[in-house]
Amino acid sequence: MFFKKIIIWSLIILLLPYLLVTLLQVKEATNFKYMSNMVVRVKRDNGDIDSVPFEEYITGVLAGEMPVSFSLEALKAQAVAARSYVMKKMAYNKDNDYDVVDTVMNQVYLDDNYLKEVWGEDYDTKIDKIKTAIIETYNEYLEYNGSVVEAFFFSTSVGKTENSEDVFGTVVPYLKSVDSSWEEGVSPVYTETTEMSLTDFYDKLNITYNKTISQDVLETTSTGRIKKIKINNITFTGSEVMTLLEIRSNYFTIVQNGNEVTIITKGYGHGVGMSQYGAEAMARLGYTYDEILKYYYHDVEIKKI
């Protein structure tokens, strides 16, 4: 579920080079032929490759990537984004052994047996809500200039989403920064405070102990996320600090109070594309799923396979 993704989020930082390669392949991965019996080849945690019917896969992704408690319009936006994402992967990986893996390396996918076990007596109610979002967006995906969109999404913004080039180093016309300030107060992870001892702080960063932390922010994104920072004369990327300190975002402030360190973070995730809590906030304000998608992905069209 969504919380499974939270536990392993820090792994995504290790995958930034992979995501960059994916973005550079946008033009190559556009040919997609759909058949009514289409399956998605999903590589599971145990190494097995499952052949999952296309819309059944989208159902499992929706269960894994977004809380079922979210508004229906937010769930529908997530369904279309997830469908677009896997279409791109299927087209690119057609000659490989599998299309996607079932973790945040691609999209979190939870199979029906797992959902029955964890949801228990709530299974019928929750799966019906998810299937409603699937049915009401059946076969819909996002397109930009005749190509399937690389529909990146993440949990929570810092008040704005990021330009793709600030995070992945590649300009993608439909992945541009937009205001997303309405999710403050909606997302429980909009801000977070992490406390640790000064010794733990240095141990996690693998730098020599010093009584005083010196820091100098060298480069930020357009939204204020840290791209490069110097801590005690050692240069880190913001993403490296995020991973090493096990915090949720590279938008952070480090405050020393004697032998204690407080790290205040804002946002959760890489910040590119659709903010999931932003989508939920928009849905609560009355926006429909197509309006949400066209807000977070610039100049896209919603098409049917």
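Yes or no, residue by residue, for (1) of a type outside the set (Val, Ile, Thr); (2) surrounded by fewer than 21 Cβ atoms within 10 Å (Cβ to Cβ):
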{"residue": "248", "(1), (2)": "yes, no"}
{"residue": "270", "(1), (2)": "yes, no"}
{"residue": "273", "(1), (2)": "yes, no"}
{"residue": "281", "(1), (2)": "yes, no"}
{"residue": "284", "(1), (2)": "yes, yes"}
{"residue": "305", "(1), (2)": "no, yes"}
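If I filter region 253-299 down to residues being of a type outside the set (Gly, Ala, Ser) and part of a loop (DSSP other than H, G, I, E, B), which single residue comes out as modelled with the lowest pLDDT? Don't jump to the end; show me each part of the working.
Of region 253-299, the ones of a type outside the set (Gly, Ala, Ser) are 253-257, 259-266, 268, 270, 272, 274, 276-277, 280, 282, 284-285, 287-299.
Filter once more, so that each one left must be part of a loop (DSSP other than H, G, I, E, B): 259, 270, 285, 287-288, 297-299.
Numbers: 259: 95, 270: 91, 285: 97, 287: 98, 288: 98, 297: 98, 298: 96, 299: 96.
The extreme case among them is 270.
For region 145-161, how many residues are surrounded by 20 or more Cβ atoms within 10 Å (Cβ to Cβ) and either aromatic (Phe, Trp, Tyr) or within 13 Å of residue 224 (Cβ to Cβ) (or both)? Let's see the steps before the verdict.
Of region 145-161, the ones surrounded by 20 or more Cβ atoms within 10 Å (Cβ to Cβ) are 148-158, 160-161.
This time we only want the ones that are either aromatic (Phe, Trp, Tyr) or within 13 Å of residue 224 (Cβ to Cβ) (or both), so: 152-154, 157-158, 160-161.
Here the count works out to 7.
Conditions first: (1) assigned to a strand (DSSP E or B); (2) in contact with a helix residue (DSSP H, G or I) (Cβ under 9 Å, 6 or more places away or on another chain). Residue 193 passes all but one, so which condition is the exception?
Result: residue 193 fails condition (2) only.
Would you be able to say whether some residue in region 203-218 is part of a helix (DSSP H, G or I) and either touching a helix residue (DSSP H, G or I) at 6+ places or on another chain (Cβ under 8 Å) or of a type in the set (Phe, Trp, Tyr) (or both)? Please lay out each step first, then the result.
Looking only at region 203-218, we keep the residues that are part of a helix (DSSP H, G or I), and these are 203-205.
From what's left, either touching a helix residue (DSSP H, G or I) at 6+ places or on another chain (Cβ under 8 Å) or of a type in the set (Phe, Trp, Tyr) (or both): 204-205.
Yes; the residues of region 203-218 include at least one that is part of a helix (DSSP H, G or I) and either touching a helix residue (DSSP H, G or I) at 6+ places or on another chain (Cβ under 8 Å) or of a type in the set (Phe, Trp, Tyr) (or both).
If you go through region 39-74, how many residues are closer than 27 Å to residue 156 by Cα and either in a helix (DSSP H, G or I) or not assigned by TED's automatic domain parsing to the domain that holds residue 285 (or both)?
14
From the list 251, 277, exactly one residue is at negative phi, in the same structural domain as residue 65 (by TED's automatic domain parsing) and in contact (Cβ under 8 Å) with a residue 60 or more places away in the chain. Which is it? Outline the logic, then answer.
Values: 251 fails: in the same structural domain as residue 65 (by TED's automatic domain parsing).
When all the criteria are applied, what remains is 277.
Is it the case that some residue within region 165-177 is out of contact with any helix residue (DSSP H, G or I) (no Cβ under 6 Å at 6 or more places or on another chain), assigned to a strand (DSSP E or B) and not hydroxyl-bearing (Ser, Thr, Tyr)?
No - not one qualifying residue is present in region 165-177.
List the number of the failed condition for residue 164; all other conditions in (1) over 22 Å from residue 219 (Cβ atoms); (2) crowded, with 24+ Cβ neighbours inside 10 Å; (3) small (Gly, Ala, Ser) hold.
(1)
The values are calculated or read from the model by the stated rules, or taken from the named source; none is laboratory data. These figures come from a predicted structure and were not determined experimentally. Using ideal geometry, Cβ is built from the backbone for each residue, glycine included, and neighbour counts are taken over all protein chains shown.
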